[in-house]
Amino acid sequence: MPNLIDFVKISDFEWELPVSFSTSMSVPVRIFATEKILEAALVDQSIQQAINAASLPGVEGHVAVMPDMHQGYGFPIGGVAATSYPNGVISPGGIGYDINCGVRLLASRIDVEEAAGELSNLAYALNHYCPTGLGVSGGIKLSLEDLKQVCETGSNWALKKGYATQQDLRRTEEEGNIKGADFKKLSERAKQRGLPQLGTLGSGNHFIEVDYVDEIFDQDAAEVMGLSQGKLVVMIHCGSRGLGHQVCSDAVQSLQSAVKKYGIHLEDRELVCAPINSPEGKEYLAAMRAAANFAFCNRQVLAHLARKAFKSVFLKKTKGYELSQVYDIAHNIGKIETHQIDGQLKKVCVHRKGATRAFGPNEIGIPSEFAKIGQPVLIPGSMGTSSWVMVGTPRSMAVSFGSSCHGAGRVMSRSKAKKTFSGSQLRTELSQKGIQIQAGSLAGLVEEAPAAYKDVDEVIEAVVGAGITKKVARLKPLVVVKG
Amino acid sequence: MINPENNCFEEIQHTADWAIRVCASSPEALFECCASGMYSLLKVKKSNESPEIQKKIHLQGVDLESLLVSFLSDLLFFYETERVVFNWMRLRIQNNELDGELRGFFIESIQEEIKAVTYHQMEIKQNAKGLSVTVVFDV
């Protein structure tokens with residue numbers, strides 16, 4: 001395990017563990033963090049997991065690790081690794097079980113003061129309209145043909161059904177439809193799990209939150225995004241549900257024999273992988289893209305349901321309750337992108353696991369209205385704390401494969417959180433801050449206690465200090481709906 | 001609940017996910033203890049109206065670890081899609097193949113959720129007392 005002295009300090013917010021640290025490493029590990037965050041990360045296995053990722057066949061440049069890093073399985077959460085395309089490998093464990101877990105932000109024109117008396121009703125309405133909770137089904141009823149369309153065309157399916165607008169799609173990563181998805185590559189189990197779950201939130205750290213824009217740091221960018229000081233916004237955090245979990249489980253299992261076939265040595269079996277251009281690699285890529293499309297469409301349907309909830313509460317009370325999409329972004333995904341690496345433009349497969357794409361201005365793949373400001377980066381904080389709207393920068397393209405952090409990052413295990421905090425006390429504390437909570441279980445609420453996470457504002461200072469994202473607006477929570 | 005060897009599993013700390021360490025005298029007992037540990041994390045509660053559910057499974061793996069991941073993943077699938085858990089098992093493991101006869105019940109409701117069984121740091125180790133393994137679950 002490395003110590004602080006093993007890192008080369010590049011700046012107050014950037015550290016490098018050179019390849020000389022371990023014979024297994026093919027590339028360095030680059031950490032974007034303050035010294036305090038880096039030191040804290042040395043107590044769990046996050047850095048070791050990044051070192052393991054730095055040994056993957058065909059890994060390019062360096063493995064980037066964000067300040068919200070924490071120990072995961074295989075890859076660290078907050079890790080970004082780019083592998084050579086098409087001869088490098090793709091690793092399902094480097095993307096995660098919740099394929100295309102991500103965040104969507106919707107903006108209203110309702111002023112926080114106007115909404116003050118309706119927050120309790122709003123919490124109830126969101127909980128009523130949006131199916132939440134453990135193993136929950138109750139989503140939109142799908143036929144097998146519908147599911148195929150969802151997986152192969154993503155949010156386009158929702159547009160055809162009247163659950164989306166053109167702007168929603170334009171302001172979604174990949175326009176909500178990653179090409180190359182193949183429904184035939186999904187197992188029967190993945191289909192079975194996906195059929196009842198479109199338009200459901202799930203449990204764990206997934207949530208729907210109503211916030212207000214507390215402070216704006218970049219007026220021009222906020223204006224382009226449709227954000228105004230004091231107005232209500234809605235943040236949706238969820239992923240591909242059981243369908244995505246099954247796709248990853250199937251791939252991690254089936255690739256166990258592929259690593260033997262291709263003579264790949266692994267530091268951790270959870271890093272199991274296959275060459276991207278091998279039959280096994282292509283099969284996983286097509287299935288992973290299908291799961292990613294399911295997730296885009298899932299958040300789209302939830303956005304549609306959130307719009308219904310807003311309308312039910314505010315129709316007769318105020319104008320401006322329509323929710324317009326700011327952006328929708330994945331933070332667990334594998335994407336084929338072109339990046340400048342070691343002075344050369346290279347096509348790579350970027351694995352982002354708990355890391356958000358953060359493309360700078362004028363990059364291909366971002367909506368035209370954001371060309372000048374850069375791609376919106378949505379960073380939820382822990383429950384009851386600030387969330388942030390940021391934009392990608394030219395520097396993120398240069399040093400982090402166009403990526404930034406995805407949240408606050410856990411520091412305390414779920415079991416310890418349950419032992420340390422009381423559900424009813426937490427509910428009272430949030431209520432005293434004026435935050436309305438609708439939660440499936442008190443135990444689930446306690447697992448997400450703010451003190452179980454890093455301070456999101458410190459994480460934000462680190463990515464801003466490193467220059468890989470810029471602040472646009474800070475959001476403060478009013479309503480939290482959790483499974 | 002199944003618990004063929006008392007105190008055969010313990011929960012261990014993991015920053016973001018759940019993990020258990022399991023010790024048992026044989027592969028079959030180890031697998032049952034892992035199932036027992038996983039069900040314990042899931043806090044399963046029997047439905048009052050449940051008839052006995054029976055199921056037979058046959059699984060193949062490239063080694064004992066992959067067989068264990070397959071086995072626990074099967075149990076998770078039945079838990080999520082059929083809301084069934086098993087409290088009686090007869091397992092036979094030979095040459096990286098598992099034949100299992102399972103009996104169980106419907107649960108009242110899902111109390112906790114596990115997304116997947118991971119291979120992270122998984123290695124079934126033989127020691128003087130038998131076998132041990134650590135299983136990390138993505139939650």
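Just so you know, all these numbers are worked out from the coordinates, no wet-lab data involved. Keep in mind that this is a model prediction, so the values were computed, not measured. Positions of Cβ are backbone-derived with ideal geometry, glycine not excepted, and every protein chain shown enters the neighbour counts.
For this structure, a couple of remarks:
- Gyration tensor (alpha-carbon) shape descriptor, the stretch A:331-388, a/c threshold 1.5: oblate
- If R0 equals 41 Å, the separation of the Cβ atoms of B:Lys43 and A:Ile336 corresponds to a calculated FRET efficiency of about 0.50.
- All distinct Cα pairs of the protein assembly as shown go into the 1/r average, and the inverse of that average, the Kirkwood radius, is 24.4 Å.
- Between the stretch A:11-63 and the stretch A:193-261, the alpha-carbon center distance in angstrom: 26
- Peptide B:77-86, shielding by other chains (average Cβ, 10 Å cutoff): 3
- Residues of chain A were split at every exposed loop site, defined as trypsin sites (Lys or Arg not before Pro) in a DSSP loop with at most 13 other C-beta atoms within 10 angstrom, and the longest piece left, sites excluded, is A:1-140.
- Cross-link partners of A:Lys335 among aspartates and glutamates, defined as those whose alpha carbon lies under 20 angstrom from its own and excluding same-chain residues fewer than eight positions apart: A:Glu60, A:Asp98, A:Glu152, A:Glu173, A:Glu174, A:Glu175, A:Asp182, A:Asp250, A:Glu270, A:Glu280, A:Glu283, A:Glu363.
- Among the residues of A:184-194, the average count of other protein chain beta-carbon atoms within 10 Å of the residue beta-carbon is 1.
- Amide H contacts of B:Ala116: B:Asp138, each under 5 Å away and 5 or more positions distant or on a separate chain (H built 1.01 Å from N in the peptide plane; Pro and chain starts excluded).
- Three principal axis lengths of the stretch B:9-138 [C-alpha, angstrom, descending]: 43, 35, 24
- Remark: for residue pairs A:Lys191/B:Lys46; A:Lys482/B:Lys43; A:Lys260/A:Lys346; A:Lys416/A:Lys454; A:Lys184/A:Lys353; A:Lys317/A:Lys471, the C-alpha separation exceeds 22 Å in A:Lys191/B:Lys46; A:Lys260/A:Lys346; A:Lys184/A:Lys353; A:Lys317/A:Lys471.
- For the stretch A:36-42, putting each phi into the Karplus relation 6.51 cos²θ - 1.76 cosθ + 1.60 with θ = phi - 60° gives couplings of 4, 5, 4, 4, 5, 6, 6 Hz, in residue order, rounded to whole numbers and with x for Gly and Pro.
- Applying a 4.7 Å cutoff between beta carbons, the unpaired cysteines of chain B are B:Cys23, B:Cys34.
- Amide H to amide H distances under 5 Å link B:Trp88 with B:Arg103, where only residues 5 or more positions off or on other chains count and H is placed in the peptide plane.
- The stretch B:9-138, relative contact order in percent, only Cα pairs under 8 angstrom and at least six apart counted: 33
- Database remark: amide H of B:Ile53 closer than 5 angstrom to the amide H of B:Gly104, B:Phe105 (H placed geometrically; neighbours at sequence offset of 5 or more, or on other chains; Pro and chain starts carry no H).
- Sequence-separation-based contact order of the stretch A:119-210, relative, with Cα cut under 8 Å and 6+ spacing, percent: 45
- Extended-chain gain in nm, criterion 0.36 nm per residue less alpha-carbon gap, A:Thr23 and A:Asp220: 66.1 nm
- Restricting the calculation to Cα atoms, the stretch A:95-217 shows an Rg/Rh of 1.00 when the hydrodynamic-style radius is the Kirkwood one.
- Ignoring lysines fewer than eight residues from B:Lys45 along the same chain, the ones with Cα atoms less than 20 angstrom from its Cα are A:Lys418, B:Lys55, B:Lys115.
- The phi-based Karplus calculation (6.51 cos²θ - 1.76 cosθ + 1.60; θ = phi - 60°) puts the 3J(HN,Hα) values of the stretch A:338-346 at 10, 9, 7, 10, 6, x, 10, 6, 10 Hz, whole numbers, x for Gly and Pro.
- For the residues of A:267-274, the average number of beta carbons from a partner chain within 10 Å of their own beta carbon is 3.
- Spatial offset of the stretch A:361-430 relative to the stretch A:326-343 amounts to 16 Å, using the alpha carbon center of each.
- In this calculation the C-beta distance from B:Ser26 to A:Ser11 is compared with R0 = 56 Å, giving a FRET efficiency of 0.50.
- Anisotropy class of the stretch A:33-106 from Cα gyration tensor, a/c 1.5 cut: oblate
- Exposed loop sites here are GluC sites (Glu not before Pro) assigned a DSSP state other than H, G, I, E or B and surrounded by at most 16 other beta carbons within 10 Å; excluding them, the longest clear run of chain B is B:53-107.
- Three-way shape label, the stretch A:334-483, alpha-carbon gyration tensor, a/c 1.5: prolate
- Over the protein assembly as shown, DSSP H runs of length four or greater, each weighted -39,500 (n - 2.57), average out per residue to a 222 nm ellipticity of -9500 deg cm²/dmol.
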